[in-house]
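Contents: one structure, followed by commentary.
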Amino acid sequence: MSLAAEAVSSSKSMGYDEKSNEGEENSEASKTKTTGKAAAEEENVGESGELVRKMSESSIYATDQDEEDEEGRKIELGPQYTLKEQIEKDKDDESLRRWKEQLLGSVDINSVGETLEPDVKILSLAIKSTGRPDIILPIPESGKPKGLWFTLKEGSQYSLKFTFQVSNNIVSGLRYTNTVWKAGLKVDSTKEMIGTFSPQAEPYTHEMHEETTPSGMFARGSYSARSKFVDDDDKCYLEINYTFDIRKEWQGA
(Lines give C-alpha, C1' and ligand atoms only; values in the text may rest on other atoms or scores of the structure.)
Protein backbone atom coordinates (compact mmCIF):
# COMPACT_ATOMS: atom_id res chain seq x y z
CA MET A 1 0.00 0.00 0.00
CA SER A 2 1.35 3.49 -0.98
CA LEU A 3 1.85 6.22 1.59
CA ALA A 4 -1.07 8.23 0.07
CA ALA A 5 -3.37 5.28 0.15
CA GLU A 6 -2.21 4.49 3.64
CA ALA A 7 -2.86 8.11 4.66
CA VAL A 8 -6.37 8.01 3.15
CA SER A 9 -7.02 4.67 4.77
CA SER A 10 -5.70 5.99 8.04
CA SER A 11 -7.84 9.14 7.68
CA LYS A 12 -10.97 7.12 6.95
CA SER A 13 -10.14 4.80 9.78
CA MET A 14 -9.69 7.72 12.14
CA GLY A 15 -12.90 9.33 10.94
CA TYR A 16 -14.81 6.10 11.45
CA ASP A 17 -13.28 5.69 14.91
CA GLU A 18 -14.30 9.23 15.88
CA LYS A 19 -17.89 8.65 14.78
CA SER A 20 -17.83 5.27 16.38
CA ASN A 21 -16.49 6.72 19.61
CA GLU A 22 -19.06 9.50 19.46
CA GLY A 23 -21.77 6.93 18.86
CA GLU A 24 -20.48 4.85 21.70
CA GLU A 25 -20.38 7.90 23.96
CA ASN A 26 -23.97 8.76 23.04
CA SER A 27 -24.91 5.14 23.53
CA GLU A 28 -23.18 5.09 26.91
CA ALA A 29 -24.84 8.39 27.89
CA SER A 30 -28.17 7.00 26.84
CA LYS A 31 -27.51 3.86 28.82
CA THR A 32 -26.43 5.97 31.79
CA LYS A 33 -29.65 8.02 31.63
CA THR A 34 -31.72 4.89 31.22
CA THR A 35 -29.88 3.17 34.04
CA GLY A 36 -30.15 6.29 36.20
CA LYS A 37 -33.87 6.57 35.47
CA ALA A 38 -34.38 2.89 36.21
CA ALA A 39 -32.38 3.25 39.41
CA ALA A 40 -34.42 6.29 40.37
CA GLU A 41 -37.58 4.41 39.63
CA GLU A 42 -36.32 1.49 41.68
CA GLU A 43 -35.35 3.91 44.44
CA ASN A 44 -38.76 5.58 44.31
CA VAL A 45 -40.41 2.21 44.38
CA GLY A 46 -38.24 1.32 47.31
CA GLU A 47 -39.10 4.56 49.10
CA SER A 48 -42.75 4.07 48.31
CA GLY A 49 -42.62 0.56 49.57
CA GLU A 50 -40.94 1.77 52.75
CA LEU A 51 -43.61 4.42 53.25
CA VAL A 52 -46.32 1.84 52.80
CA ARG A 53 -44.70 -0.34 55.41
CA LYS A 54 -44.36 2.59 57.79
CA MET A 55 -48.00 3.54 57.36
CA SER A 56 -48.95 -0.04 58.04
CA GLU A 57 -46.93 -0.05 61.23
CA SER A 58 -48.27 3.34 62.36
CA SER A 59 -51.84 2.24 61.78
CA ILE A 60 -51.31 -0.49 64.35
CA TYR A 61 -50.21 2.09 66.89
CA ALA A 62 -52.56 4.86 65.78
CA THR A 63 -53.56 5.70 69.33
CA ASP A 64 -50.06 6.39 70.61
CA GLN A 65 -49.04 8.23 67.45
CA ASP A 66 -52.06 10.56 67.61
CA GLU A 67 -51.30 11.38 71.21
CA GLU A 68 -47.61 11.98 70.43
CA ASP A 69 -48.66 14.43 67.71
CA GLU A 70 -50.88 16.24 70.19
CA GLU A 71 -48.06 16.41 72.73
CA GLY A 72 -45.73 17.72 70.02
CA ARG A 73 -48.05 20.69 69.56
CA LYS A 74 -48.08 21.45 73.28
CA ILE A 75 -48.13 25.17 74.11
CA GLU A 76 -45.25 26.39 76.23
CA LEU A 77 -46.71 27.98 79.36
CA GLY A 78 -45.16 30.36 81.86
CA PRO A 79 -43.92 29.45 85.35
CA GLN A 80 -46.40 28.13 87.90
CA TYR A 81 -47.19 29.87 91.17
CA THR A 82 -48.88 28.72 94.34
CA LEU A 83 -52.29 30.19 95.07
CA LYS A 84 -50.86 32.53 97.68
CA GLU A 85 -48.19 33.72 95.27
CA GLN A 86 -50.83 34.38 92.62
CA ILE A 87 -52.84 36.49 95.07
CA GLU A 88 -49.78 38.56 95.97
CA LYS A 89 -48.59 38.88 92.37
CA ASP A 90 -49.73 42.08 90.61
CA LYS A 91 -51.82 43.05 93.64
CA ASP A 92 -51.49 46.73 92.67
CA ASP A 93 -53.23 46.09 89.33
CA GLU A 94 -56.92 46.77 90.02
CA SER A 95 -58.28 44.88 87.01
CA LEU A 96 -56.17 41.78 87.75
CA ARG A 97 -57.13 41.90 91.42
CA ARG A 98 -60.85 41.91 90.55
CA TRP A 99 -60.38 39.10 88.02
CA LYS A 100 -58.60 36.97 90.63
CA GLU A 101 -61.32 37.65 93.18
CA GLN A 102 -63.97 36.63 90.66
CA LEU A 103 -62.06 33.47 89.74
CA LEU A 104 -61.20 32.41 93.28
CA GLY A 105 -64.54 33.34 94.83
CA SER A 106 -64.66 32.36 98.48
CA VAL A 107 -61.54 30.19 98.52
CA ASP A 108 -59.89 29.94 101.92
CA ILE A 109 -56.29 30.70 101.01
CA ASN A 110 -54.98 29.45 104.36
CA SER A 111 -56.60 26.03 103.87
CA VAL A 112 -55.11 25.60 100.39
CA GLY A 113 -51.50 25.78 101.52
CA GLU A 114 -48.43 26.17 99.32
CA THR A 115 -49.02 23.30 96.87
CA LEU A 116 -47.92 24.17 93.37
CA GLU A 117 -49.69 21.45 91.39
CA PRO A 118 -53.49 21.51 91.11
CA ASP A 119 -55.45 18.32 91.61
CA VAL A 120 -58.66 17.36 89.82
CA LYS A 121 -60.74 14.38 90.85
CA ILE A 122 -63.56 13.16 88.62
CA LEU A 123 -66.33 12.19 91.03
CA SER A 124 -69.07 10.90 88.73
CA LEU A 125 -69.84 10.20 85.07
CA ALA A 126 -73.29 9.75 83.55
CA ILE A 127 -74.85 9.52 80.08
CA LYS A 128 -78.04 11.56 79.70
CA SER A 129 -80.71 10.97 77.06
CA THR A 130 -84.11 12.67 76.98
CA GLY A 131 -86.93 10.45 78.20
CA ARG A 132 -84.63 7.90 79.80
CA PRO A 133 -83.00 7.50 83.21
CA ASP A 134 -79.34 8.51 83.32
CA ILE A 135 -76.78 5.77 82.71
CA ILE A 136 -74.43 6.01 85.71
CA LEU A 137 -70.91 4.97 84.74
CA PRO A 138 -68.73 3.51 87.50
CA ILE A 139 -65.21 4.91 87.50
CA PRO A 140 -62.66 2.12 88.06
CA GLU A 141 -59.42 2.94 89.85
CA SER A 142 -57.47 1.02 87.22
CA GLY A 143 -58.99 3.13 84.42
CA LYS A 144 -60.18 -0.02 82.63
CA PRO A 145 -63.79 -1.05 83.24
CA LYS A 146 -64.33 -4.79 83.14
CA GLY A 147 -66.32 -5.89 80.11
CA LEU A 148 -68.85 -3.69 78.34
CA TRP A 149 -69.10 -0.23 79.96
CA PHE A 150 -72.42 0.88 78.42
CA THR A 151 -74.77 0.48 75.44
CA LEU A 152 -76.27 3.23 73.28
CA LYS A 153 -79.26 3.05 70.97
CA GLU A 154 -78.54 3.83 67.31
CA GLY A 155 -79.73 7.26 66.14
CA SER A 156 -80.30 8.47 69.71
CA GLN A 157 -79.31 11.84 71.18
CA TYR A 158 -77.20 11.81 74.32
CA SER A 159 -74.76 13.88 76.34
CA LEU A 160 -72.06 13.17 78.92
CA LYS A 161 -72.43 14.78 82.35
CA PHE A 162 -69.78 14.68 85.04
CA THR A 163 -68.87 16.22 88.39
CA PHE A 164 -65.33 16.97 89.52
CA GLN A 165 -63.49 18.60 92.39
CA VAL A 166 -60.49 20.92 92.18
CA SER A 167 -58.01 21.29 95.04
CA ASN A 168 -54.57 22.75 95.85
CA ASN A 169 -54.34 25.29 93.04
CA ILE A 170 -56.07 26.74 89.97
CA VAL A 171 -56.37 24.25 87.11
CA SER A 172 -55.95 25.97 83.76
CA GLY A 173 -57.47 24.79 80.48
CA LEU A 174 -59.09 21.60 81.71
CA ARG A 175 -60.34 19.69 78.66
CA TYR A 176 -61.95 16.41 77.73
CA THR A 177 -60.78 14.21 74.84
CA ASN A 178 -62.37 11.05 73.52
CA THR A 179 -61.22 8.79 70.67
CA VAL A 180 -63.28 5.91 69.32
CA TRP A 181 -62.22 2.90 67.23
CA LYS A 182 -64.16 0.16 65.48
CA ALA A 183 -62.37 -2.94 64.22
CA GLY A 184 -59.04 -1.17 64.79
CA LEU A 185 -59.92 1.92 62.71
CA LYS A 186 -60.42 5.35 64.27
CA VAL A 187 -63.97 6.47 63.56
CA ASP A 188 -64.40 9.49 65.83
CA SER A 189 -62.39 11.99 67.86
CA THR A 190 -63.84 14.55 70.28
CA LYS A 191 -62.10 17.42 72.08
CA GLU A 192 -63.93 19.88 74.30
CA MET A 193 -62.60 22.67 76.49
CA ILE A 194 -64.14 22.61 79.95
CA GLY A 195 -62.44 25.70 81.38
CA THR A 196 -60.26 27.10 84.16
CA PHE A 197 -61.30 26.44 87.77
CA SER A 198 -60.17 27.46 91.23
CA PRO A 199 -60.04 25.05 94.15
CA GLN A 200 -63.20 24.82 96.25
CA ALA A 201 -64.95 22.41 98.58
CA GLU A 202 -68.07 22.12 96.42
CA PRO A 203 -67.76 19.99 93.25
CA TYR A 204 -68.22 21.44 89.80
CA THR A 205 -70.74 20.02 87.30
CA HIS A 206 -70.29 20.08 83.54
CA GLU A 207 -72.44 18.70 80.73
CA MET A 208 -71.02 18.13 77.25
CA HIS A 209 -72.69 19.15 74.01
CA GLU A 210 -75.40 16.80 72.83
CA GLU A 211 -74.40 14.24 70.22
CA THR A 212 -76.26 11.71 68.05
CA THR A 213 -75.17 8.10 67.71
CA PRO A 214 -74.78 6.76 64.14
CA SER A 215 -77.42 4.38 62.83
CA GLY A 216 -77.66 1.56 60.32
CA MET A 217 -76.32 -1.92 59.91
CA PHE A 218 -72.69 -0.83 59.66
CA ALA A 219 -72.95 1.47 62.68
CA ARG A 220 -74.20 -1.23 65.03
CA GLY A 221 -71.65 -3.31 66.87
CA SER A 222 -68.83 -3.05 69.41
CA TYR A 223 -66.45 -0.12 69.80
CA SER A 224 -63.36 0.61 71.85
CA ALA A 225 -62.57 4.08 73.17
CA ARG A 226 -60.24 6.16 75.30
CA SER A 227 -61.37 9.17 77.34
CA LYS A 228 -58.99 11.58 79.07
CA PHE A 229 -59.22 14.67 81.28
CA VAL A 230 -56.10 16.83 80.87
CA ASP A 231 -55.05 20.44 81.48
CA ASP A 232 -52.88 23.00 79.68
CA ASP A 233 -49.75 21.35 81.08
CA ASP A 234 -50.91 18.02 79.59
CA LYS A 235 -51.28 16.64 83.10
CA CYS A 236 -53.77 13.78 82.90
CA TYR A 237 -56.21 13.49 85.82
CA LEU A 238 -58.18 10.53 84.52
CA GLU A 239 -57.79 8.12 81.60
CA ILE A 240 -60.38 5.45 80.88
CA ASN A 241 -59.99 2.73 78.24
CA TYR A 242 -63.33 1.02 77.65
CA THR A 243 -65.66 -0.75 75.24
CA PHE A 244 -69.28 0.03 74.40
CA ASP A 245 -71.98 -1.15 72.00
CA ILE A 246 -74.40 0.56 69.62
CA ARG A 247 -77.55 -1.52 69.18
CA LYS A 248 -81.07 -1.23 67.79
CA GLU A 249 -82.48 -0.64 71.28
CA TRP A 250 -81.30 0.54 74.65
CA GLN A 251 -79.90 -2.10 76.95
CA GLY A 252 -82.72 -3.71 78.94
CA ALA A 253 -85.42 -2.25 76.69
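Scattering from the C-alpha atoms of the range 126-235 alone, worked out with Debye: what is log10 I(q)/I(0) at q = 0.13, 0.15 1/Å?
Those come out to -0.58, -0.77, one per q.
With a probe of 1.4 Å, find how much accessible area the range 142-198 has per residue, and write the answer as a whole number in Å².
Working: 2600 Å² over 57 residues.
Counting only protein heavy atoms, the per-residue value for the range 142-198 is 46 Å².
Provide the per-residue ³J(HN,Hα) series for the range 228-237, in order, calculated from phi with Karplus coefficients 6.51, -1.76, 1.60 and θ = phi - 60°, each as a whole number of Hz, with x at glycine and proline positions.
These are the phi-based 3J(HN,Hα) values: 9, 10, 9, 10, 5, 8, 6, 7, 9, 9 Hz.
Calculate, for residue 163 and residue 115, the FRET efficiency according to 1/(1 + (r/R0)^6) with r their C-beta to C-beta distance and R0 22 Å; round to the nearest 0.05. Show your work: numbers first, answer last.
On the way: r = 22 Å, r/R0 = 1.00.
Once rounded, the FRET efficiency stands at 0.50.
Where does the range 183-253 land on the Kirkwood hydrodynamic radius, alpha-carbon pairs, in angstrom?
That comes to 15.4 Å for the range 183-253.
For the pair residue 99 and residue 222, how long in nm is the line joining their label points, each one 7 Å along Cα→Cβ?
Here the modelled spin labels are 5.0 nm apart.
Could you compute the net charge surrounding residue 143? Neighbours are other residues with a C-beta less than 12 Å from the C-beta of residue 143; K and R count +1, D and E count -1. Write down the numbers at each step before the final one.
Working: positive: 144, 146, 226, 228; negative: 141, 239.
Combined, the nearby Lys, Arg, Asp and Glu give +2.
What distance in nm separates the simple spin-label points at residue 178 and residue 202, each placed 7 Å from Cα in the Cβ direction?
According to this spin-label approximation, the distance is 2.7 nm.
Based on the Cβ-Cβ distance of residue 139 and residue 92, what FRET efficiency does E = 1/(1 + (r/R0)^6) give at R0 = 41 Å, to the nearest 0.05?
Working: r = 44 Å, r/R0 = 1.07.
Taking R0 as 41 Å, the efficiency between residue 139 and residue 92 is 0.40.
Note down the net charge around residue 245, summing +1 for each Lys or Arg and -1 for each Asp or Glu among other residues with Cβ under 13 Å from its Cβ. Walk me through the numbers on the way to the answer.
Numbers: positive: 153, 182, 220, 247, 248; negative: 154, 249.
Once positives and negatives cancel, what remains is +3.
Residue separation times 0.36 nm, minus the C-alpha to C-alpha distance between residue 236 and residue 249: what's the value?
Values: separation 13, 0.36 × 13 = 4.68 nm, distance 3.42 nm.
Gain in length upon complete extension: 1.3 nm.
Please turn the phi angles of the range 211-216 into ³J(HN,Hα) values with the Karplus equation 6.51 cos²θ - 1.76 cosθ + 1.60 (θ = phi - 60°), one per residue in order, whole Hz, x for glycine and proline.
10, 10, 6, x, 9, x
For the range 183-238, what % of the accessible area comes from carbon and sulfur atoms, probe 1.4 Å? If you can, show how the numbers build up before the last one.
Numbers: 1710 of 3240 Å².
C and S atoms contribute 53 percent here.
The values are calculated or read from the model by the stated rules, or taken from the named source; none is laboratory data. Nothing here was measured: the structure is a model prediction, and the numbers come from that model. Because the Cβ atoms are built from the backbone with ideal geometry, glycine has one as well, and the counts that use them run over all protein chains shown. Surface areas here come from the heavy atoms of the whole protein model, side chains and all, with no ligands, DNA or RNA. Shrake-Rupley method; radii C 1.70, N 1.55, O 1.52, S 1.80 Å.
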